[in-house]
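Worksheet for the structure shown next.
The values are calculated or read from the model by the stated rules, or taken from the named source; none is laboratory data. It should be emphasised that the depicted structure is a prediction, and the values quoted were computed from it without experimental measurement. Methodologically, a virtual Cβ is constructed for each residue, glycine included, from the backbone with ideal geometry; neighbour enumeration extends over all protein chains shown. These accessible areas exclude ligands, DNA and RNA; they are computed on the full protein's heavy atoms, side chains included. Shrake-Rupley method; radii C 1.70, N 1.55, O 1.52, S 1.80 Å.
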Amino acid sequence: MRHSNVVYTLIRISVAGVPSLLLRRHDKWGDWSLVGGHVEPWEQDDWRRAAAREATEELEPLREGQDFVVESLHEEPVTWGPEASRSARGERTLYRIQYYRLGFRRDPVELLAQLPAGDFLLVPERTLGSTAHALGNPVHRARRYLQDGFDSVPLSWAEDLDPGALPTGLQTPTP
């Protein structure tokens with residue numbers, strides 16, 4: 001049976017008092033998902049390193065250690081399956097996932113402005129089930145597998161952000 005070890009990093013920001021998740025456009029699947037990916041063989045002993053690598057790759061030009069840090073949200077990976085894998089032509093796969101939290105080390109408004117326009121979306125948590133944007137399975141699984149859902153994830157920045165200060169096109173309108 002195929003095994004897949006995956007890390008996902010949640011970026012949770014309060015905008016005008018509304019907790020929101022920063023999602024990344026996933027071209028291969030045509031949806032919006034969490035920052036993250038597979039743990040490489042040389043990272044099996046240090047999944048935090050895998051999360052930092054994935055976040056640095058997907059949030060380029062931002063850098064782990066300089067612009068943000070990643071911290072584990074739980075001790076042991078969450079396991080589920082086996083289930084058919086979309087990326088492995090339906091092969092039955094046993095999954096292990098470790099969730100991380102991204103913490104900004106400096107003003108997120110400045111940092112978010114550096115991200116490629118159109119590749120990221122800030123979605124209010126309360127609209128995740130009703131948003132017009134297609135959400136990837138990792139978003140729904142995180143809400144289900146994290147104890148107390150997204151409320152258990154500390155914010156990525158302590159201060160509330162002004163929606164008017166955020167880059168154009170980053171936010172999903174709230175219904």
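Among the residues of the stretch 110-163, those that are farther than 22 Å from Glu71 by Cα and among the small types (Gly, Ala, Ser) comprise Ala113, Ala117, Gly118, Gly129, Ser130, Ala132, Ala134, Gly136. Of the strands (runs of 3 or more DSSP E) lying entirely inside the stretch 21-107, those containing at least 1 residues that are over 14 Å from the mean Cα position of the chain (by Cα) and surrounded by 15 or more Cβ atoms within 10 Å (Cβ to Cβ) span 78-84, 92-104.
Does Gly129 qualify as being farther than 16 Å from Leu10 by Cα, in a loop (DSSP other than H, G, I, E, B) and open to solvent by 50 Å² or more (accessible area, probe 1.4 Å)? Working first, answer last.
Details: farther than 16 Å from Leu10 by Cα: yes; in a loop (DSSP other than H, G, I, E, B): yes; open to solvent by 50 Å² or more (accessible area, probe 1.4 Å): yes.
So Gly129 fits the description; yes.
Looking across the stretch 132-164, the residues that are among the aliphatic types (A, V, I, L, M), within 22 Å of Ser87 (Cα to Cα) and surrounded by 14 or more Cβ atoms within 10 Å (Cβ to Cβ) come down to Leu135, Val139, Ala142. Note on the stretch 108-117: residues that are farther than 27 Å from Tyr145 by Cβ, of a type in the set (A, V, I, L, M, F, W, C) and either open to solvent by 80 Å² or more (accessible area, probe 1.4 Å) or not in a helix (DSSP H, G or I) (or both) total 2.
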